[in-house]
Amino acid sequence: MSKRRVSYFYDPDVGSYTYGLGHPMKPHRILMAHELISSYPSHLLLSHPSLTHFRPPRASAQQMTAFHTDEYVHFLSRVTPETMDELTGRGTQFLVGDDNPAFEGIWEFCTISAGGSLGAAKRINEGRSDIAINWAGGLHHAKKREASGFCYINDIVLAILDLLRVFPRVLYVDIDCHHGDGVEEAFYTTDRVMTCSFHKYGEYFPGTGTQEDRGRGKGRGYALNVPLKDGMSDETFKSVFDPVLERILAVFRPSAIILQCGADSLSGDKLGCFNLTMQGHAHCTSFLRKFNIPLILLGGGGYTVKNVARAWCYETACALGVQHELVPEGEEGGMMPWNEYFEWFGPRYRLEVVKNNMEDVNLRIADPSQDSEDSPENSTHRI
Ligand SMILES: CN1CC(C(=O)N[C@@H](CCCCCC(O)(O)c2ccon2)c2nc(-c3ccccc3F)c[nH]2)C1
Ligand SMILES: [Zn+2]
């Protein structure tokens, strides 16, 4: 495991924001991940000699308008729960539907999330880090002029725009259970950014991301969608991830990479429908790290908070190449050190996300005699 210079961006205020009662998105998970990462013995993670820890400067409105409209950014900087209805024309503009509430501190939350990803891009642009991490980033649904899917400011698009000032070609990889539509849309017509998203497709938010969507004009062939079905397992995922990424790296030859590590693709996620273990999810980080191309790791979805913290802690270790000290190879998940949220990890208190026995629908053989409209489920039952 050769060394990598790693930068870790974290703002201790991020965990205090809440989307409101009953909303599945919990910024508190970022705090839990940080507490777990901090709980490992000194030489391991945050005090590892190759890791530099930053509290990133908050992104400014001006930085955000590199992608978003002035009107939308100005709106986000002043909207409150009280003024939301009036300022959005009863939810018809900017914040559509119940997914994207105007919660207390929404503007500060956006500046922290985007500030971390812009800090990461700066470190990579300066050539001072090989890998830069912002678990508060990865908000891939946010659009130019409106919020979507719990995302308000698209920190990923902002970071990629910054990288493009230095690097000729940027690769974006997205392993969130939901299609990375906001990032794909932003770069759909350029050949300087390749977007590659692995996601559940079929009666699932946001509904985009079919294999046929491959980019437009100069960007044709520079958007890649891998639509998947319920129950995706570690083996299935690896069998499609590795060959697709090998080919992209050989043909596109990216000069920088951003990996969105949405953790709702883990087994048992509250909103997800895949069956990845912590190691299966982290395989993407380890796989990409090996190519020694400047790499940014970002967060994303993830709604079973204890498993989000486990995955992002383990992936921080993968970035440093010390994951086998946290979970000895071949052994079951290692007992985790005592930490602020220890009781959340019961009853085994281990650094593990184990798979369940749900069927991997991706393994069903599509029956060619069925017309394509039928979902594989139907054809299997038809006698
Ligand atoms: C009108 N249609 C119904 C809406 C819809 O189905 N939205 C998805 C949104 C799921 C967002 C997933 C976000 C993400 O995980 O991809 C993410 C978040 C940050 O980075 N990535 C959704 N909302 C919820 C939800 C919202 C509020 C309360 C409870 C809920 F279950 C679950 N799933 C749209
Ligand atoms: Zn998601």
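The values are calculated or read from the model by the stated rules, or taken from the named source; none is laboratory data. Remember, it's a predicted structure, so these values are computed and weren't measured experimentally. Counting neighbours? That spans all protein chains shown, and the Cβs are built from the backbone with ideal geometry, glycine included. All accessible areas refer to the heavy atoms of the entire protein, side chains included, with ligands and DNA or RNA removed. Shrake-Rupley method; radii C 1.70, N 1.55, O 1.52, S 1.80 Å.
Just to verify a result, which residue in the range 1-57, among those that are within 25 Å of Asn292 (Cβ to Cβ), surrounded by 17 or more Cβ atoms within 10 Å (Cβ to Cβ) and of a type in the set (Val, Ile, Thr), is nearest to ligand 2 (Cβ to nearest atom)? Result: Ile37. Checked against (1) open to solvent by less than 20 Å² (accessible area, probe 1.4 Å); (2) assigned to a loop (DSSP other than H, G, I, E, B), Gln93 meets all criteria but (1). Tallying residues that are among the aliphatic types (A, V, I, L, M) and surrounded by fewer than 24 Cβ atoms within 10 Å (Cβ to Cβ) within the range 127-162 yields 1. Annotation note: Cβ proximity below 7 Å between a residue of the range 206-219 that is on the phi < 0 side of the Ramachandran plot and touching a residue at least 24 places away in the same chain (Cβ under 8 Å) and a residue that is open to solvent by less than 60 Å² (accessible area, probe 1.4 Å) and charged (D, E, K, R) (sequence gap 6+ or interchain) occurs for Pro206/Asp181; Thr208/Asp181; Lys218/Asp191; Gly219/Asp191.
The residues of the range 149-174 that are more than 28 Å from Gly105 (Cα to Cα) and either away from ligand 1 (no atom under 16 Å from the Cβ) or touching a Cys at 6+ places or on another chain (Cβ under 6 Å) (or both), listed by number, are Leu163, Leu164, Arg165, Val166, Phe167, Pro168, Arg169, Val170, Leu171, Val173.
Within the range 287-306, the only residue that satisfies the criterion of being within 16 Å of ligand 2 (Cβ to nearest atom), outside any loop (DSSP other than H, G, I, E, B) and open to solvent by 10 Å² or more (accessible area, probe 1.4 Å) is Val305. For the range 207-224, taking the residues that are open to solvent by less than 40 Å² (accessible area, probe 1.4 Å) and in a loop (DSSP other than H, G, I, E, B), the one that is farthest from Ile257 (Cα to Cα) is identified as Thr210.
Within the bounds of the range 174-181, is there any residue that is open to solvent by less than 10 Å² (accessible area, probe 1.4 Å) and away from ligand 2 (no atom under 14 Å from the Cβ)?
Kept after step one, since they are open to solvent by less than 10 Å² (accessible area, probe 1.4 Å), are these residues of the range 174-181: 174-177, 179-180.
Among the residues that remain, those that are also away from ligand 2 (no atom under 14 Å from the Cβ) are: none.
No; the residues of the range 174-181 include none that is open to solvent by less than 10 Å² (accessible area, probe 1.4 Å) and away from ligand 2 (no atom under 14 Å from the Cβ).
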